[in-house]
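Have a look at the structure below before the remarks.
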Amino acid sequence: MKVLFATTNPAKVKRYSEELKEKDIEVLTIKDIGINLKPEETGKNAIENAYIKAKAYYDKTGIISIGMDNNLYIEELPEEKQPGTHVRRVNGKELSDEEMIEYYSNLVKEHGEKLTAKWVYGMVIYDGKEPREYSWSKSHFYFVDKPSEKRNPGYPLDSISIMPECNKYFVDLTEEDRNKDKENYNEDDVIDFIVNNIE
């Protein structure tokens, strides 16, 4: 079974493709098929944007497509300043990974030593029929203003995100460290959602 991951973000593809391969699901990337659409992400939340992406790529290719979107909320910021669906788009500009690290690091500096952050994820599988939706969140971490030197391409904010249990940057977490966080986020649940909703 082949599915198309409707994203240009290499971190998202890498995160799930190996485990899905073990379950006989081959993940195709936008690069693999040589099509790069730019669907306008006008959704009000992660699920709506994930659906927009999945449908656009399915309509173009006829391949079952997975759309995914991340929304960001920061506890210390007022509602009108929340990144929400515009994590990468700031003041109308699409930020590069390095620009994102700089922007959010400066945000921490403006508001103190750290900012309490929460990711809300949305995933949609679309095959031309009824879309299947799954949403989850990750909230047990915070941002700091001194970035790690290491980078996770596609997930730049991993370089300023700290996991409290082990006081490490996300980019430095081992598999053992990640297992400590299973209560807050279990990646197996996402894999199960994909496997159970692809026909």
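A compact table of results
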| quantity | calculated |
| --- | --- |
| Candidates ILE64, ILE52 - the one that is buried (at least 17 other Cβ atoms within 10 Å of the Cβ), touching a residue at least 60 places away in the same chain (Cβ under 8 Å) and not small (Gly, Ala, Ser) | ILE64 |
| Restricting the range 109-136 to residues that are in a strand (DSSP E or B) and among the small types (Gly, Ala, Ser), the residue that is surrounded by the most Cβ atoms within 10 Å (Cβ to Cβ) | ALA117 |
| Those residues of the range 67-88 which are among the acidic types (Asp, Glu) and either in contact with a Lys or Arg (Cβ under 6 Å, 6 or more places away or on another chain) or without any contact (Cβ under 8 Å) to a residue 12 or more places away in the chain (or both), in sequence order | GLU79, GLU80 |
| GLU199 charged (D, E, K, R), over 24 Å from VAL3 (Cβ atoms) and either modelled with pLDDT under 95 or in a helix (DSSP H, G or I) (or both) | no |
| Where SER139 falls short, out of the listed (1) part of a strand (DSSP E or B); (2) among the polar types (S, T, N, Q); (3) modelled with pLDDT of 90 or more | (3) |
| Candidate set from the range 87-108 (those that are surrounded by 12 or more Cβ atoms within 10 Å (Cβ to Cβ) and basic (Lys, Arg)); member that is farthest from ASP192 (Cα to Cα) | ARG89 |
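The values are calculated or read from the model by the stated rules, or taken from the named source; none is laboratory data. Here the structure is a predicted model, which is why all the values come from computation and not from measurement. Heads up, the Cβs are rebuilt from the backbone with ideal geometry, glycines too, and the neighbour counts pull from every protein chain shown.
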